[in-house]
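Here's the structure we're looking at; comments come further down.
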Amino acid sequence: MKSYLFLISLFIGCIYRTSAEVYLEEKFADDSWETNWIYSKHPGKEFGKFVSTPGKFYHDADDKGIQTSQDARFYALSRKFTPFSTEGKDLVIQFTVKHEQNIDCGGGYIKVFDCSLEQEDMHGESPYRLMFGPDICGPGTKKVHVIINYKDKNVLINKDIRCKDDVYTHAYTLIIKPDNTYEVQIDGEKVESGELEADWDLLPPKKIKDPEAKKPEDWDDRATIPDPDDKKPDDWDKPEHIADPDATKPDDWDDEMDGEWEPPMIDNPEYKGEWSPKQIDNPAYKGAWIHPEIDNPEYKADSNLYKQPEICAVGLDLWQVKSGTIFDDILVTDDVEYAKSALSELKAKQDGEKKMKEDQDMAERDATASEKKENESDDDDEEDYMEDDDDEDKVPPIEEPDHDEL
């Protein structure tokens, strides 16, 4: 029986793997990307260029991505592929980002479009279906954007997902399922998940406050009230400031020239502030009034929140103050397992980058220390030279014998 069930599960798995598709897998392995990807020529924008490179530190020199190359630029580059619908299937968007410039402000996200995208006119207002990936600007913004376009409205996830902010390669994965659930992964590890309806304001709320309900006029929601029997003490009222009793009129004070002398004011130690009666429990307290809710007549469930009728292109549409971000391994598929397998070399890549970066940093520190030592040696030599000059100046002149003594 167990063998039978195993064969069935294996058969179903084979069917699934056969039907699963990879719609786009871009590794930027050769120069073909320059033909397949289209730069925007939208007027009024000064767009930056991407260059192919493994970066300043890497695991494999042949493993290249495309890097933003100009500071303070907009970037707009896109690629189209065979269109597909996500109806009844998973959608996986995955790519890697490496902010090797230690980015201070700029985007590292990707946009997903339908076939209406005019690539040479792509710009920040071009309609898109999904936007996903990291965005960093100063210490306050270090988040993963997940934006879904629903009925022509871009809706941002209502959860805060923190992105990676170091200088190494990191993989970002978004999975949207036909059961209207989602998962966000960084480096293959889940960092957030849930339901589309719960975590985006895609639909009107199920419940709304009853517009006919009003708080009763006699509803007392004060937990405490002033004690009606508490009276202010007769000696309570004292001035806040009084004349300094220790102050004396200066001997050189001239009333005619300086005016009438008055002692300076000081805080009154007997001042008690404004009196108010003590608080007691309110015997008429009914608790906080809660506005009754009713079903929202505008709410209508949608089992197809996940569904994208057409996906046809991906684009890098972003702004960077400091360039140097490398994008790579862009994947669009309905195969979650394939996306997972595509990250099998990520750890080795990160370790290689870290090793090379550490070696570079150490070499730079050694060079700086060596240069500093040479400068100190030059300074010492200069000081010795100056001391030698001083010694020569201090040697007494040899007195020549008087000619009469010869």
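The values are calculated or read from the model by the stated rules, or taken from the named source; none is laboratory data. Not measured: the values here are computed from a predicted model. Heads up, the Cβs are rebuilt from the backbone with ideal geometry, glycines too, and the neighbour counts pull from every protein chain shown.
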**Item:** Failed condition for Ile290, given (1) of a type outside the set (Gly, Ala, Ser); (2) free of Cβ contacts under 8 Å to residues at least 24 places away in the same chain; (3) farther than 30 Å from Asp221 by Cα; (4) surrounded by fewer than 10 Cβ atoms within 10 Å (Cβ to Cβ)
**Value:** (3)
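Got a number for residues in the stretch 60-78 being more than 18 Å from Ile103 (Cα to Cα) and either surrounded by fewer than 20 Cβ atoms within 10 Å (Cβ to Cβ) or acidic (Asp, Glu) (or both)?
4
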**Request:** Within the stretch 80-101, track down each residue that is among the charged types (D, E, K, R), buried (at least 19 other Cβ atoms within 10 Å of the Cβ) and part of a strand (DSSP E or B).
**Result:** Lys98
**Prompt:** So which of Ile330, Ile326 ends up being in contact with a Ser or Thr (Cβ under 8 Å, 6 or more places away or on another chain), closer than 22 Å to Asp135 by Cα, not hydroxyl-bearing (Ser, Thr, Tyr) and not in a loop (DSSP other than H, G, I, E, B)?
**Reply:** Ile326
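One line per residue, one yes/no per condition, for (1) surrounded by fewer than 19 Cβ atoms within 10 Å (Cβ to Cβ); (2) part of a strand (DSSP E or B):
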site: Gly133; (1), (2): no, yes
site: Asp166; (1), (2): yes, no
site: Ala171; (1), (2): no, yes
site: Glu183; (1), (2): yes, yes
site: Gly194; (1), (2): yes, yes
**Message:** For the structure I just gave you, tell me whether Ile38 is crowded, with 20+ Cβ neighbours inside 10 Å, among the hydrophobic types (A, V, I, L, M, F, W, C) and in the same structural domain as Gly315 (by TED's automatic domain parsing).
**Reply:** no
**Asked** If you scan the stretch 102-119, which residues turn out to be crowded, with 16+ Cβ neighbours inside 10 Å and in a loop (DSSP other than H, G, I, E, B)?
**Response** Ile103, Gly108, Tyr109, Asp114, Leu117
**Asked** Ser341 fails exactly one of the following numbered conditions: (1) modelled with pLDDT of 95 or more; (2) outside the structural domain of Pro54 (by TED's automatic domain parsing); (3) not charged (D, E, K, R). What is the number of that condition?
**Response** (2)
**Search result, residues across the stretch 255-269 that are out of contact with any Asp or Glu (no Cβ under 8 Å at 6 or more places or on another chain), at pLDDT 90 or above and among the acidic types (Asp, Glu)** = Glu260, Glu262
**Pick from the stretch 224-250, criterion assigned by TED's automatic domain parsing to the domain that holds Glu262 and either in contact with a Cys (Cβ under 9 Å, 6 or more places away or on another chain) or not in a loop (DSSP other than H, G, I, E, B) (or both), ranking: surrounded by the most Cβ atoms within 10 Å (Cβ to Cβ)** = Ile242
**Request:** Mind checking which strands (runs of 3 or more DSSP E) fall wholly inside the stretch 252-297 and carry at least 2 residues that are more than 50 Å from the chain's Cα centre (by Cα)?
**Result:** 265-267
